[in-house]
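Derivation of every value follows stated rules applied to the coordinates shown; laboratory data play no part. From a predicted model like this one, the values you see are computed outputs, not experimental measurements. Methodologically, a virtual Cβ is constructed for each residue, glycine included, from the backbone with ideal geometry; neighbour enumeration extends over all protein chains shown.
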Amino acid sequence: MTEVQSPEKKSGLRKFMLNSHSSQKRHKVVVPRIHEKTYGESLGFRTSILPSLKDLGPADLIHVSRLHKSSHKETGTYHYITGLDLSTVGGPIAYLSTIHLSDNSSKKSSSNNSVGTYCSWNCFTKGDLRIRKEFPAGNYSTSFIFGDRKKNALHNSGVTDRLWRETYVSSLIRALLFPDDPARHMPGMCQYNPVLSSTSAKYAVSELIYFLPKGYLVGCSNDVQQPTYVQNYLVDSLLKLVEITGLYDLALEKIEELISEKPTLNDEFRLLLVKLHLLNNNEVAAVGVLHEGLQVDPRDALLLNEQAKFVLKKNRPDLALTSASRSVAAAPAEFECWETLVKVHLRRKDYQSALLALNSCPMYSMRQSDIFKPLSPHDVEFPQPLDGKFEQIWNDAESKGPVFNNDGVLGLASKAEINATEPLLIRVYHSTRYSGTFKKSYALLAYLTKQIGWDEVLRLRSELFVMEEEYHKELNFQEEEEENDLEPGDQASRSESQTEKQFLNGKLEVPSSDTIHKTRSRSISPHKRDIASEKFKSKRLCERWLDGLFLSLYDDLMVGLVWDSERKSGGANLTHSALEWELIGLSCFRSCNFEAGIAALKTTLSANFSIFSALALLQLYDFYETDPAEFRRLNLRVNIPSNLNQDYILELIVKTLAWSYRWYGDFSPFLAKLISRAIERDGSQLLKNKVQSKFHAEGIPMIMDRYVVWLEQFHTGDL
């Protein structure tokens, strides 16, 4: 496969300086500093967890040690980073040098002697690549520490080009997936743009595709049972990058080259080709690849599932049913296939089948992810960036702090705010924090309830299912009746039979031979034994997890019902706090009560900025813009243009961008996608003018302009 050459090594420092966006001195960069309690503890902790890392690993770690002139003591500070170019050693060295120069330009610096260490996890070979740079001497060394403790570390020339290349791709995947995943955020994490130019974007796409055959090694999301060639984090990041940059032709060309070199991979990557064609709105090509693949293997579950989703999008649920059913039959343990089948039944208004299919969905337990509780620091410094200030948003951000470790809404609230909040809202929030397949199943149940109403859902549940508690109660009742109907000899027999069970469970000592001799079979009427099964034979046992979703959805519906009643009463007694408004809005969103949810979240944002409320509204708008027909078909009757008009959405994008930038978030694929869509609709100049006219008193238009200029190079058609 033809390789796109890595950008020149000599441009590493220049590229980083562009990435740092400093409007001051070129060697000045503002980064967070977390001060260690014990010197070297961050490096020691990272080394200790290497054997337990399974997939993407943590963000890259930057550690700086300083020898103080007066005390002759060494102290250490550190922070995290994603998005730095690791295609050559020049990127990390330039970053460490810039931090050193920035520190020593400060009057507070008491030492010119420091050592910088850059650590980056290799998802493929499972090890940590480390670059150590001394200042002011300028010497540097590289090493590779394997996660497997039985393997010896490699040093300098032992760190091969293959390891460097793998580490670059690993870092690139994290840079594309971490910014929009709060669970992966760490305190003091800088998020830079990994593809600053069209050249680096092409190189990134080519490298991701080169490693497609090894993609299963990097792990997969909790929505997938296990990583495969086309279901893994590498494929997820590739699709994100191509969608932002529009490099569809390059991606398709590189995949075709890969397949031509390794024909055995042809069947494995057909699904990826289909997805790329569909993202590029080339439906004819996508259908052609689908047809070819299903001719080769009519039982390819993922291709059948993609076919069902495509036909469903064309408003033909009757045709989609066949593909979805065959997909489930071919891969009964694949949640994605069952999810599509449920959606097909919903579109066909076959709600009974939809609920039965939902109950049959395979649920995946949460895998151990590479997310660890951060160390307790001695002190932290989160200095403001040099540019891009938006005073109101930054003040709100600093009053709450950054998001990390998926703490959620309550993680940013003070104890006083939480204590003053309605207990029901707190309880409902905690009980509905689902993720993975459970979150998606909850959404399907909410869609069903939105379409037919809660009362009808309960009727269907009663008609189709026997609840586990009800089933056990009935069995216990039948056993009690059987006890009463037994003759004395039969009762003794049952008692002795139970004694044997207790012995087998280790609860009794060995019974005597006389006791065993007396034991005989129970003589229960077959009719009585089958009473329970006769009563429930037309029903299925409701899965315990689905029973839990019913209870959680009831709580969310209750919150929405109370809020709707308050709104309809005229709003005279609406005295909720900003946190309560936010919890109400998010609860309404979970139960698909979007009109009420939008009102509540907009009220929250009018009081102070909340990143969770803003993202919830932006994600809803993204769903509407991506597929407005599907949005309406799911019976989500909310007037998006009037409730969330384009000017309000643009304001939300700018404020979210400002909030992220305050916490060193210089790149977000999700925001980039929304801005790119706005450029396609309005043009780059009009978009910049809108932002400048509305926020001219703030520094944020400069950051927005950089996003627009960066995205413009991918809209010129000259790639």
Treating only Lys and Arg (+1) and Asp and Glu (-1) as charged, each at its beta carbon, one finds that region 217-313 has a dipole about its Cα centre, in Debye to the nearest 20, of 260 debye
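How do 622-629, 146-153 rank on mean C-beta neighbours within 10 Å, highest first?
For the peptides 622-629, 146-153, the packing ranking is 622-629, 146-153.
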Rounded to two decimals, the Rg over Rh value of region 130-286 from Cα coordinates and the Kirkwood Rh reads 1.01
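Under a Cβ-Cβ cut-off of 13 Å, what is the net charge of the residues other than residue 651 that fall near it, where Lys and Arg count +1 and Asp and Glu count -1? Intermediate results must be reported in sequence, preceding the final value.
Numbers: positive: 602, 655, 690, 694; negative: 647, 698.
Net of charged neighbours comes to +2.
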Among 708, 664, 696, the residue whose Cα sits farthest towards the positive end of the charge dipole of region 664-719 (+1 at Cβ of Lys and Arg, -1 at Cβ of Asp and Glu, taken about the Cα centre) is 696
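Around residue 555, under 12 Å between beta carbons, what's the net of Lys plus Arg minus Asp minus Glu among the other residues? List each step's numbers first, then the result.
On the way: positive: 427, 590; negative: 556.
Combined, the nearby Lys, Arg, Asp and Glu give +1.
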Flagged as over-length at 31 Å C-alpha distance, from 262/440; 54/240; 262/313; 54/440, the pairs are 262/440; 262/313
At q = 0.14, 0.15, 0.16, 0.18 1/Å the base-10 log of I(q)/I(0) from the Debye formula over the alpha-carbon atoms of region 198-360 is -0.74, -0.84, -0.95, -1.15
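For region 551-601, give the magnitude of the charge dipole about the Cα centre (Cβ charges: +1 Lys/Arg, -1 Asp/Glu; no others), in debye to the nearest 20.
Details: 3 positive and 7 negative charges, 21 e Å.
That gives region 551-601 a dipole magnitude of about 100 debye.
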With residue 145 itself left out, Lys, Arg at +1 and Asp, Glu at -1 over residues whose Cβ is under 15 Å from its Cβ give +3
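Could you sort 551-562, 330-341 so that the peptide with the highest average Cβ count within 10 Å comes first and the rest follow in order? Walk me through the intermediate numbers first.
Working: 551-562: 18.5, 330-341: 20.5.
Taking the mean over residues of other Cβ atoms within 10 Å, the ranking is 330-341, 551-562.
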The convex hull of the Cα atoms of region 242-283, divided by residue count, gives a volume in Å³ per residue of 58 Å³
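Among the trypsin sites (Lys or Arg not before Pro) in region 316-389, which ones are in a DSSP loop with at most 16 other Cβ atoms within 10 Å of the Cβ? Mind listing them? Let's see the in-between values first.
Numbers: sites: 326, 343, 347, 348, 349, 367, 389; in loops: 348, 349, 367, 389.
Loop-located and lightly packed - 348, 349, 367.
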When the charge dipole of region 198-360 is computed with +1 on Lys and Arg Cβ and -1 on Asp and Glu Cβ about the Cα centre, the Cα farthest towards its positive end, among 330, 232, 352, belongs to 352
Region 566-712: relative contact order from alpha carbon pairs under 8 Å, six or more residues apart, as a whole percent, is 16 percent
When 457, 287, 195 are ranked with the fewest other C-beta atoms within 10 Å first, the list becomes 287, 457, 195
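Based on Cβ point charges of +1 for Lys and Arg and -1 for Asp and Glu, what charge dipole magnitude is obtained for region 83-200 about its Cα centre, in debye rounded to the nearest 20? Don't skip to the answer; put the middle values down first.
Numbers: 13 positive and 9 negative charges, 68 e Å.
It works out to roughly 320 debye.
Going through the cross-link list 254/688; 415/673; 69/126; 73/133, which pairs have a Cα-Cα distance over 28 Å in this structure? Please list the in-between numbers first.
Working: 254/688 35 Å; 415/673 36 Å; 69/126 39 Å; 73/133 19 Å.
Too far apart for the 28 Å limit: 254/688; 415/673; 69/126.
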